[in-house]
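First the structure, in the form of structure tokens, and then the observations on it.
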Amino acid sequence: MPPRARLYKTEAIILRWRKLGEADRILTLFTPAFGKMEAKAKGVRKTTSRLSGHLQPLNRCQLQLAQGHVSDVITGCETIDSFRGLRDDLDLLSRALYVAELTDLMTADHVQSLPTYRLVLDTLGRLEASPAPDTALRFFEMQLLDQAGFRPEIERCVSCGNALEPVDNFFAPVAGGAVCRQCVPGLAGPRVMTLNGLKLLRLLQRGSYNDVARVNLPPALAEEVERHLRSYIISVLERDVNAAAFIDHLRREGARTKIEV
Amino acid sequence: MNERSTSTAAPLARLIEEFYRLPGIGPKSAQRLAYYLLRMPAADAHSLAEAIVEVKDKVTLCSVCQNVTEVDPCRICTDSARDRSIMCVVEEPLDILALERTGSYHGLYHVLHGAISPMDGIGPDDLKVRELLDRLRDGETKEIILATNPNLEGEATSMYLSRLIGPLGLRVTRLARGLPAGGDLEYADDVTLTRALEGRQEMDGA
């Protein structure tokens with residue numbers, strides 16, 4: 001990580017914020033040069049603040065910061081991309097917040113990772129533009145797990161090490177990935193992983209986003225892969241991602257409205 | 001602040017610890033406040049203590065609008081001079097004070113007590129949304145003004161509510177968003193400027 005000058009500039013994606021004192025906020029930033037870091041934004045909760053419009057979560061912006069004793073202070077900001085398409089649609093917004101929260105949970109402070117920065121940026125752009133935002137989300141999850149050092153094993157059985165047969169196998173999050181039929185007894189929490197589910201997980205892990213985006217996903221397969229990845233993420237983080245609960249809430253209400261209509 | 005200094009009298013140390021639990025109060029501020037109270041006249045200190053006890057004993061939430069009140073339903077909800085066909089939905093009770101200060105709004109209110117913040121695990125079930133929907137079923141309300149904060153959480157809350165209230169056939173409006181009075185155009189971000197352009201109005205008297 002490059003040393004920071006007393007006054008320095010960086011590009012950043014604002015992942016989240018929390019209130020501080022009367023009118024300040026502490027922002028969690030994800031930067032290409034300094035990784036994830038916190039910075040203080042003074043007075044941004046006042047309506048007259050010149051920075052407040054620029055310093056919203058999910059904004060990609062160019063920042064000027066001054067080194068502080070505890071946390072650095074934001075002294076200037078200009079928006080590069082506000083991802084407006086995400087802000088005007090609740091379903092997309094909930095998914096973008098999931099991306100921000102998962103990035104926050106999976107990355108360590110002050111660890112530079114340019115590939116992860118690019119991944120987050122690309123994912124926000126894909127969510128805004130893609131007709132299948134959930135596919136972009138699954139690709140993001142798998143790639144982020146890989147970059148954070150938690151790549152699930154789906155080439156071989158995590159227990160016996162043998163190559164997986166082209167049949168329905170199992171996915172055991174706590175064990176770290178795929179498990180063959182012979183090794184399943186005695187393992188905690190394995191779930192059936194269909195052959196198509198395995199193929200899609202492998203494509204998410206090894207393929208490019210364009211390869212994944214070309215696949216026409218039946219809802220049952222999309223659900224299965226989402227379930228596997230979510231259970232794996234929960235086992236890695238030892239907790240659920242809060243924003244995922246809101247996505248579920250919106251889905252449930254959407255389904256209820258459809259039934260009532 | 002676990003360590004209790006042996007040089008501090010026990011009641012004073014307890015007071016410092018109580019102040020330290022308040023938001024925005026650090027260890028030094030807690031000590032300063034405690035010593036200030038120690039030196040103030042006994043009558044003033046008793047008055048402060050009574051005020052704290054009274055606020056906890058007497059102030060409740062209005063069963064209609066969820067605002068803080070000492071009489072239930074609150075004075076705004078029972079005021080016959082107010083327009084009952086229009087309801088303003090706000091995040092916090094303090095937002096009502098700000099709106100009342102303008103003197104430009106004469107309808108009713110509903111306080112959500114927060115905003116949807118998915119990353120912090122605050123969802124619709126943690127707010128007074130169900131109570132709002134129950135109120136709207138009486139058929140008296142014709143317009144809902146969504147007056148949540150113009151930030152990410154406030155916008156998410158407004159979008160969620162408008163999705164929920166939309167099918168009820170009411171007029172749903174949102175407070176105008178745009179340039180603040182006293183601000184400079186050159187410092188405005190593109191979302192604010194775009195919304196200010198969208199919400200531009202005819203000039204009178206041209």
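Computed from protein heavy atoms with a 1.4 Å probe, the total accessible area buried between A and B is close to 2500 Å². Across all directions, the average flat footprint of the convex hull enclosing the Cα atoms of the range A:187-237 is 4.1 nm². At a threshold of 10 Å², the residues of the range B:94-134 that become less accessible to a 1.4 Å probe in the full protein assembly than in their chain on its own are B:Ile116, B:Pro118, B:Met119, B:Asp120, B:Gly121, B:Pro124, B:Asp125. The largest-to-smallest principal axis extents of the Cα set in the protein assembly as shown are 81, 66, 51 Å.
Only protein heavy atoms count here; under a 1.4 Å probe, A:Val73 has an accessible surface of about 30 Å². The mean number of Cβ atoms from other chains found within 10 Å of a Cβ in peptide B:172-181 is 1, as a whole number. Say we join alpha carbon atoms closer than 10 Å with springs in a Gaussian network model of chain A; which of A:Arg214, A:Arg156, A:Arg126 then has the biggest fluctuation? Looking only at A:Arg214, A:Arg156, A:Arg126, the biggest GNM fluctuation is shown by A:Arg214.
Overall, the accessible surface of chain A at a probe of 1.4 angstrom is composed of carbon and sulfur to the extent of 50 percent. Helix B:42-58 axis versus longest C-alpha principal axis of chain B: approximately 40°, rounded to the nearest ten.
In chain B, once you exclude exposed GluC sites (Glu not before Pro) (DSSP loop, at most 15 other Cβ within 10 angstrom), what's the longest stretch remaining? Looking at chain B, B:71-139 is the longest stretch - no exposed GluC sites (Glu not before Pro) with at most 15 other Cβ atoms within 10 Å. Residue by residue along A:243-254, Cβ atoms of other protein chains within 10 Å of the local Cβ number 3 on average. Placing unit charges on the Cβ atoms only, positive for Lys and Arg and negative for Asp and Glu, gives the range A:77-116 a dipole magnitude near 60 debye about its Cα centre. Considering only A:Leu121, A:Leu229, A:Leu217, the Gaussian network model of chain A with Cα springs below 10 Å gives its largest mean-square fluctuation to A:Leu217.
Expressed as a whole percent, the accessible surface of chain B that belongs to carbon and sulfur atoms is 54, based on a 1.4 Å probe. Which Cα, out of A:Val174, A:Leu137, A:Leu93, lies furthest along the positive dipole direction of chain A (beta carbon charges, K/R +1, D/E -1)? Checking the options against the dipole of chain A, the answer is A:Leu93. Report, in whole Å, the centroid distance computed from the Cα atoms of the range A:104-142 and the range B:165-187. Computed from Cα coordinates, the inter-centre distance equals 31 Å. Mean-square fluctuations from a GNM of chain A, with a 10 angstrom spring cutoff on Cα atoms, peak among A:Pro185, A:Pro57, A:Pro115 at A:Pro185.
For chain B, the longest piece that avoids every one of the trypsin sites (Lys or Arg not before Pro) found in DSSP loops with at most 11 other C-beta atoms within 10 Å covers B:22-136.
Once every Cα of the range B:16-101 carries one equal point scatterer and solvent is ignored, give the base-10 log of I(q)/I(0) from the Debye formula at q = 0.14, 0.26 Å⁻¹, two decimals. Each listed q maps to, in turn, -0.72, -1.25.
As a size descriptor, the averaged projected area of the C-alpha convex hull of chain A was calculated at 16.8 nm².
The length gained by stretching the chain between B:Ala51 and B:Ala181 to full extension, at 0.36 nm per residue less their Cα-Cα distance, is 43.1 nm. For the residue pairs A:Lys42/B:Lys128; A:Lys36/A:Lys199; A:Lys9/A:Lys46, alpha carbon separations beyond 27 Å are given by A:Lys42/B:Lys128; A:Lys36/A:Lys199.
Taking the longest Cα principal axis of chain A as reference, the axis of helix A:219-237 is set at about 60 degrees. Here the dipole of the protein assembly as shown is about 740 debye; that uses its Cα centre as origin and unit charges on the Cβ of Lys and Arg (positive) and Asp and Glu (negative). Peptide A:47-53 is shielded by partner chain Cβ atoms: per residue, an average of 6 of them sit within 10 Å of its Cβ. Return a whole-number percent for the relative contact order of chain A, with Cα pairs under 8 Å and 6 or more residues apart as the contact set. Over chain A, the number comes to 14 percent. Note that chain B carries a Kirkwood radius of 20.7 Å, evaluated over its alpha carbons pair by pair.
Normalised by 2.2 N^0.38 Å, where N counts its residues, the alpha-carbon radius of gyration of the range B:62-134 equals 1.14. Rolling a 1.4 Å probe over the heavy atoms of the protein chains gives the protein assembly as shown an accessible area of 54 Å² per residue. Computed on chain B, with alpha-carbon pairs under 8 angstrom and 6+ residues apart, the relative contact order is 13 percent.
The values are calculated or read from the model by the stated rules, or taken from the named source; none is laboratory data. Just so it is clear, the structure is predicted and the values come from calculations on it, not from any experiment. Using ideal geometry, Cβ is built from the backbone for each residue, glycine included, and neighbour counts are taken over all protein chains shown. Note: accessible area is taken over every heavy atom of the protein model, side chains too, but ligands, DNA and RNA are not part of it. Shrake-Rupley method; radii C 1.70, N 1.55, O 1.52, S 1.80 Å.
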